1. In the range 3-13, which residues are surrounded by 11 or more Cβ atoms within 10 Å (Cβ to Cβ), out of contact with any Lys or Arg (no Cβ under 8 Å at 6 or more places or on another chain) and either modelled with pLDDT under 85 or of a type in the set (V, I, T) (or both)?
2. For H208, are the conditions met, namely being closer than 18 Å to N249 by Cβ, at pLDDT 85 or above and touching a Leu at 6+ places or on another chain (Cβ under 9 Å)?
3. Among (1) among the aromatic types (F, W, Y); (2) in contact (Cβ under 8 Å) with a residue 24 or more places away in the chain; (3) surrounded by fewer than 17 Cβ atoms within 10 Å (Cβ to Cβ), there is one condition F116 misses while meeting the rest; what is its number?
4. Can you tell me how many residues within the range 48-77 are at pLDDT below 85 and either within 25 Å of the chain's Cα centre (by Cα) or of a type outside the set (A, V, I, L, M) (or both)?
5. Kindly indicate whether any position in the range 22-29 is at pLDDT below 80 and assigned by TED's automatic domain parsing to the domain that holds V136.
6. Within the range 173-232, count every residue that is assigned to a loop (DSSP other than H, G, I, E, B) and of a type outside the set (V, I, T).
7. Go through the range 215-274 and report how many residues are of a type in the set (D, E, K, R), more than 19 Å from K288 (Cα to Cα) and touching a residue at least 24 places away in the same chain (Cβ under 8 Å).
Amino acid sequence: MLIWEKTIPDYLTDRKNIFSFVLFTAVFALVFINIYSPFGVDKWLDVTSFQLFLYSSIVILIGMLVIVISRVLMYLLSRRKAIRYGEYALWIVGEIFSMAMVYAIIQKVLGSSNDFMVIIKNTARITAFIILLPYVFYWLYLSFKDKYILLEKLSLSRTPFEMAEIAGKFPGMHSMVAFHDEKGVLRFSIKKEDLLYLEAADNYVVIHYVDNQKQAKYMIRTTLKRIELEPAGTELVRCHRSFMVNIDNVKVIRKEKEGLIVGFETPSNLTLPISKTYLDVFIHRLSKTAKSDDPSL
């Protein structure tokens, strides 16, 4: 498929990006006009630098109005059908011609003695130069930003060991469980067999695990609810409002005066409560784990 027949990226028709694109183009054009004085404004207007700034601001405002109308129409069209690169290129040509026409009319009204077709030719050339530069710069920025976000999502959805395994290093490290903070930043990874349980602590979660035959812990800023929605949550099961346990490391379940508890094989004979709210889910998950360990069940 030719490039002209391919669909443009979604970020080019995103409402937020359209707004920032128009703003960036306006600022760029305003600076350019006041530095280089295109359209001959410094010759056919006897004005001070401040007056030139005011006049150029009006000219830019008119030009940006053309772009705003154009981009709103493009946005509405993109909601109905996919826009291809060829169509997008023609759209930009149309924007440049429309703005050049507006600027040519302004020059003629303000008293330019040049032929109108000559004015259009000059304004089209200069408008294309002014507009295409911010267009290209902002397109490159959006493309870089889009790829950066994609790479960030890929890195956050996998542990460093899984990423290394994809690269051919450290095979067999896929048993790692990764934990991210509330901003999605990877903070902690642990082998599944060493993970004991998670404990809620206000806006934090304490990860309890085994390190060199000793019980250890690590705290990150997140919630159990958020972890349940992440890949790490599939490795754990909720047994209480304040606890999630690695069911593979549960060694015993017994009933005591205060209710059911789960026990882990640790030096401290660790136990945690099972609340009635999560009992059915916990037992169901336990039975599924037992069946997967013993296919004959």
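The values are calculated or read from the model by the stated rules, or taken from the named source; none is laboratory data. Quantities reported herein were computed from a predicted structural model and do not represent experimental measurements. Heads up, the Cβs are rebuilt from the backbone with ideal geometry, glycines too, and the neighbour counts pull from every protein chain shown.
1. Within the range 3-13, P9, D10, T13 qualify.
2. Criteria met by H208.
3. Here F116 clears every test but (2).
4. Number of matching residues: 9.
5. yes
6. 11
7. Going through the range 215-274 one residue at a time, the tally reaches 4.
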